[in-house]
Amino acid sequence: MRVDRFTFMNAITCFVELGSEAEATKAIKELNGFEAQGKSLVVKPLNADFSWEKSEQRKGGPFGSRYFIDEGTAAYDAMRPLLERRRIVLSVETPGWSTNKRFAVAVQNAETIIERQFGKYGIESVSGMSRFDRGKTHEPSFLCLIDFSTKEGAEKAVNNHHDTQIEGRLTWLRPAQPSAWRIHQIQKVVGPEALKALQESGVVPEDQEVYEDKFVNPRPKRRERQ
């Protein structure tokens with residue numbers, strides 16, 4: 001299963017190996033186009049020479065793929081940018097660097113600017129882009145997360161560019177600190193040792209609580225005072 005290193009959520013694509021060619025043909029016939037939770041499934045055979053590694057190299061974009069195959073120590077390794085203080089939150093003044101552009105064009109423009117401004121510090125990977133053109137204020141809003149190759153590179157990027165104008169937009173760079181529900185998701189993939197590792201590294205406080213994504217499983221509302 002492919003997992004996003006920034007969200008620790010699985011990708012929307014997976015592969016399944018069945019017992020025989022006949023079973024695979026039957027599964028494709030019955031499941032391709034099947035509606036599940038309001039979405040239509042696409043089920044088709046893989047090419048004989050397919051490999052996830054080759055696929056990731058093609059689709060990784062200028063910063064490489066943000067996905068990993070959940071095998072061996074890969075999940076724990078995906079947490080290292082947090083543990084080593086190499087992950088940075090990039091926020092840009094709304095409406096971002098590409099006003100009135102299609103989202104795909106805005107993403108390409110943002111990737112170009114990120115590479116031009118921060119590539120010299122050593123970029124390891126970049127998360128998916130937020131729809132940063134929807135902010136209601138002109139204060140910088142979340143655009144993406146950036147993993148730098150070294151802690152020193154991350155610190156230089158923050159020291160040199162936080163609270164500065166980049167391409168005509170006020171830009172903030174701050175060390176990433178995962179939310180309680182994100183830590184919960186990381187634990188589901190890495191294991192219960194994830195929280196302890198994050199606490200020992202100083203990324204989260206010793207008394208950090210974790211809970212499921214409040215948007216998926218809302219916490220009970222507080223009773224209004226009478």
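Annotations
- Criterion: of a type outside the set (F, W, Y), touching a residue at least 24 places away in the same chain (Cβ under 8 Å) and farther than 19 Å from F6 by Cα - qualifying residue of T164, T94, T150: T94
Residues are listed down the side, and each one gets a yes or a no for (1) at pLDDT 95 or above; (2) touching a Phe, Trp or Tyr at 6+ places or on another chain (Cβ under 6 Å):
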| position | (1), (2) |
| --- | --- |
| P140 | no, yes |
| D147 | yes, no |
| G153 | yes, yes |
| K156 | yes, yes |
| N160 | yes, no |
| L170 | yes, no |
| R174 | yes, no |
| V203 | no, no |
| E206 | no, no |
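For (1) surrounded by fewer than 16 Cβ atoms within 10 Å (Cβ to Cβ); (2) at pLDDT 95 or above; (3) within 23 Å of M129 (Cβ to Cβ), each residue gets a yes or a no:
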position	(1), (2), (3)
F6	no, yes, yes
T13	yes, no, yes
E23	yes, no, no
G38	yes, no, no
E53	yes, no, no
P95	no, no, yes
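- Residue in region 94-111 that is within 24 Å of G153 (Cα to Cα), assigned to a loop (DSSP other than H, G, I, E, B) and out of contact with any Gly (no Cβ under 9 Å at 6 or more places or on another chain) present: no
- Residue within region 178-190 that is touching a Leu at 6+ places or on another chain (Cβ under 9 Å) and among the charged types (D, E, K, R) present: no
- Matching residues, region 155-189, being assigned to a helix (DSSP H, G or I), among the aliphatic types (A, V, I, L, M) and more than 19 Å from G119 (Cβ to Cβ): A180, I183, I186, V189
- Checked against the criterion of being surrounded by fewer than 19 Cβ atoms within 10 Å (Cβ to Cβ) and within 18 Å of the chain's Cα centre (by Cα), the candidates K156, K151, K188 yield just one match: K188.
- Total residues in region 40-50 satisfying the condition of being modelled with pLDDT under 85 and surrounded by 10 or more Cβ atoms within 10 Å (Cβ to Cβ): the figure is 2.
The values are calculated or read from the model by the stated rules, or taken from the named source; none is laboratory data. No experiment lies behind these values; they were computed from the predicted model shown. Heads up, the Cβs are rebuilt from the backbone with ideal geometry, glycines too, and the neighbour counts pull from every protein chain shown.
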